[in-house]
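Chemist: Attaching a single structure in structure tokens format; questions to follow.
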Amino acid sequence: MGRALVIEHDETGPVAVVGERLVEHGFELHPFRVLDDPSDPVCTKEFPDPGTYDLVVVLGSQWSVCDREPIESWVNREIELVRAAHGAGKPVLGLCFGAQVLATALGGEVTRANQPEIGWYEIDSDQPDLVSPGPWFEWHYDQFTVPKGSIELARSDVSPQVFRADQSVGTQFHPEITPAIVAEWAVVGHEELSKFGVDPESIVSETVDRHAEARQQAKRLVDWFLGDRFLE
């Protein structure tokens, strides 16, 4: 079917369910890991040329697009890669941080949200048959504005949740997650969870309970993203 460039920001953020669906549709996944050490935000690697791929997936990150100083060695290069891919007609699927990168690349703005969203949330979807109202798993502190010329398709009280710009799509939530990923995030981020009064065991157990349904939601989302261009 094609080649998919997958931008992982570190080992804690694999493409998981989204990647599995792409493979089911015949795509070869080509991961590019920005940071070899999650505790060290410096990257001097050369980013891949998006022109050699059929689509690009940009995953989540513990870092923030609206606080670029710690990640100044790479974030602007990533934004430019996404801008170039989209401009060349290569579909980009941005998830959480990836959606914020996509929004920024297309002229939107990322700022700190009034409150974080951590856990499972329903969203207000304009096209629930295509973009399920959820619940979807979220873990973010920022919000983005929908770029001019893009269509906002879903939102929460905190932030836009899904937008489409021609062939590219950004989601503030994490359709890719699995119980194992959330369990790891809960360990790494236990201090953050405590600060916001979120019980780590509860979000992990809820993820286990919701995983089968969430997996199907994620597959439908990927299918919608691919659309007629890749699916018959």
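The values are calculated or read from the model by the stated rules, or taken from the named source; none is laboratory data. Here the structure is a predicted model, which means the values were calculated and not measured. No Cβ is skipped: glycine too gets one built from the backbone with ideal geometry, and neighbour counts run over all protein chains shown.
Chemist: Are there any pairs with C-beta distances below 6 angstrom linking a residue in segment 87-114 that is at pLDDT 95 or above and of a type in the set (S, T, N, Q) to a residue that is surrounded by 24 or more Cβ atoms within 10 Å (Cβ to Cβ) and not in a loop (DSSP other than H, G, I, E, B), with the two at least 6 apart or on different chains, and if so which?
Modeler: Cβ pairs passing all conditions: 100/144.
Chemist: Within segment 1-44, which residues are in a loop (DSSP other than H, G, I, E, B) and in contact with a strand residue (DSSP E or B) (Cβ under 8 Å, 6 or more places away or on another chain)?
Modeler: 1, 9, 10, 11, 14, 15, 26, 34
Chemist: Of all residues in segment 121-136, how many are out of contact with any strand residue (DSSP E or B) (no Cβ under 6 Å at 6 or more places or on another chain) and either buried (at least 19 other Cβ atoms within 10 Å of the Cβ) or free of Cβ contacts under 8 Å to residues at least 12 places away in the same chain (or both)?
Modeler: The number of residues fulfilling the criteria is 5.
Chemist: Would you please list the contacts, defined by Cβ atoms under 8 Å and residues six or more apart or on different chains, that run from a residue in segment 31-60 that is touching a residue at least 40 places away in the same chain (Cβ under 8 Å) to a residue that is acidic (Asp, Glu) and part of a strand (DSSP E or B)?
Modeler: 34/8; 59/8
Chemist: Next up: Considering 22, 35, 59, 29, which residue is over 20 Å from residue 139 (Cβ atoms) and surrounded by 20 or more Cβ atoms within 10 Å (Cβ to Cβ)?
Modeler: 22
Chemist: Condition (residue is over 21 Å from residue 79 (Cβ atoms) and outside any strand (DSSP E or B)) applied to segment 135-154: is it met by at least one residue?
Modeler: Yes, the conditions are met somewhere in segment 135-154.
Chemist: For segment 94-129: of the residues being among the acidic types (Asp, Glu) and part of a strand (DSSP E or B), which is farthest from residue 65 (Cα to Cα)?
Modeler: 124
Residues checked against (1) closer than 17 Å to residue 131 by Cα; (2) without any contact (Cβ under 8 Å) to a residue 12 or more places away in the chain; (3) not aromatic (Phe, Trp, Tyr):
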site	(1), (2), (3)
169	yes, no, yes
189	no, no, yes
193	no, no, yes
197	no, yes, yes
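Chemist: Given (1) among the acidic types (Asp, Glu); (2) more than 17 Å from residue 177 (Cβ to Cβ); (3) free of Cβ contacts under 8 Å to residues at least 40 places away in the same chain, identify the lone condition not met by residue 11.
Modeler: Tallying (1) among the acidic types (Asp, Glu); (2) more than 17 Å from residue 177 (Cβ to Cβ); (3) free of Cβ contacts under 8 Å to residues at least 40 places away in the same chain, residue 11 fails exactly one: (2).
Chemist: Would you say residue 221 is surrounded by 18 or more Cβ atoms within 10 Å (Cβ to Cβ) and in a strand (DSSP E or B)?
Modeler: no
Chemist: Identify the residue in segment 109-120 that is more than 20 Å from residue 177 (Cα to Cα) and surrounded by 17 or more Cβ atoms within 10 Å (Cβ to Cβ) and, among all such residues, is nearest to the chain's Cα centre (by Cα).
Modeler: Looking at the filtered set, the residue picked out is 110.
Chemist: Of all residues in segment 207-217, which are touching a residue at least 60 places away in the same chain (Cβ under 8 Å) and either touching a strand residue (DSSP E or B) at 6+ places or on another chain (Cβ under 9 Å) or among the polar types (S, T, N, Q) (or both)?
Modeler: Correct list: 207, 210, 214, 217.
Chemist: Out of 75, 110, 82, I need the residue that is among the aliphatic types (A, V, I, L, M) and farther than 19 Å from residue 151 by Cα. Which one?
Modeler: Unique residue meeting the criteria: 75.
Chemist: Among the residues of segment 194-213, count how many are at pLDDT below 95, closer than 18 Å to residue 178 by Cα and aliphatic (A, V, I, L, M).
Modeler: Number of matching residues: 2.
Chemist: Is it the case, given these coordinates, that residue 158 is crowded, with 17+ Cβ neighbours inside 10 Å and of a type in the set (A, V, I, L, M, F, W, C)?
Modeler: Taking the combined requirement at face value, the residue satisfies it.
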